[in-house]
Amino acid sequence: MVQAYLAGIAWPDGALRTLSADHWGLSVEAAGWPLDIGLAVRHGVLRAQAEALRSGVIDAHELLYRNRRLRLVRYTHAADGTVWVEADLPQESVTAPLVDRLLGGLVAAAVVLRERATDLGR
């Protein structure tokens, strides 16, 4: 299902990478710079994730606050403070409209954080 969905989109050259039968990479623009999204099906779950911001840009408490307003996606941060946008769907729930919503939400969430970083001058 995911492969068929991705194949049905006219991606710019190099924007879609098939890494294996159940693992893909996407590159899209988000708030002025590339957002590299990883998509993979593992253990019955479709997971999408992308690094949104480097460490030290947004306070972790702000991420918690912003998470309450998100649907389908969430912000996380690594031990070094790097901020990620992530989403998961049970594989049996995966449909083209839902994958579209998931990817759109992931990119929109990254844009919001990157624009916030710009507003903060970081």
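Regarding Arg101, is this residue outside any loop (DSSP other than H, G, I, E, B) and either acidic (Asp, Glu) or surrounded by 16 or more Cβ atoms within 10 Å (Cβ to Cβ) (or both)?
Judged against the criteria, Arg101 is a match.
Among the residues of the stretch 65-98, what is the count of those that are crowded, with 16+ Cβ neighbours inside 10 Å and assigned to a helix (DSSP H, G or I)?
So the answer is 1.
Could you tell me whether the stretch 12-23 includes any residue that is of a type in the set (S, T, N, Q), at pLDDT below 95 and under 20 Å from His77 (Cβ atoms)?
Within the stretch 12-23, none of the residues are of a type in the set (S, T, N, Q), at pLDDT below 95 and under 20 Å from His77 (Cβ atoms).
Could you check the stretch 12-38 and list, in sequence order, the residues that are surrounded by 19 or more Cβ atoms within 10 Å (Cβ to Cβ) and free of Cβ contacts under 8 Å to residues at least 60 places away in the same chain?
Filtering the stretch 12-38 down to residues surrounded by 19 or more Cβ atoms within 10 Å (Cβ to Cβ) leaves 24, 26, 30, 35, 37.
Answer for the stretch 12-38, where residues must be surrounded by 19 or more Cβ atoms within 10 Å (Cβ to Cβ) and free of Cβ contacts under 8 Å to residues at least 60 places away in the same chain: just Trp24.
Could you look through the stretch 46-60, keep only residues that are farther than 17 Å from Leu19 by Cβ and of a type in the set (A, V, I, L, M, F, W, C), and pick out the one that is surrounded by the fewest Cβ atoms within 10 Å (Cβ to Cβ)?
Within the stretch 46-60, the match that is surrounded by the fewest Cβ atoms within 10 Å (Cβ to Cβ) is Ala60.
Under 7 Å between Cβ atoms, which residue pairs at least 6 apart in sequence (or on different chains) link something in the stretch 94-117 that is under 11 Å from Arg71 (Cα atoms) with a partner that is assigned to a loop (DSSP other than H, G, I, E, B)?
Within 7 Å, the pairs are Arg101/Leu72; Leu102/Leu72; Gly105/Arg71; Gly105/Leu72; Ala109/Leu70.
Got a sec? Which of Arg17, Arg69 is basic (Lys, Arg) and more than 15 Å from Leu106 (Cβ to Cβ)?
Result: Arg17 is the single residue among Arg17, Arg69 that is basic (Lys, Arg) and more than 15 Å from Leu106 (Cβ to Cβ).
The values are calculated or read from the model by the stated rules, or taken from the named source; none is laboratory data. Note that the structure is predicted; figures quoted are calculated from it, not measured. Methodologically, a virtual Cβ is constructed for each residue, glycine included, from the backbone with ideal geometry; neighbour enumeration extends over all protein chains shown.
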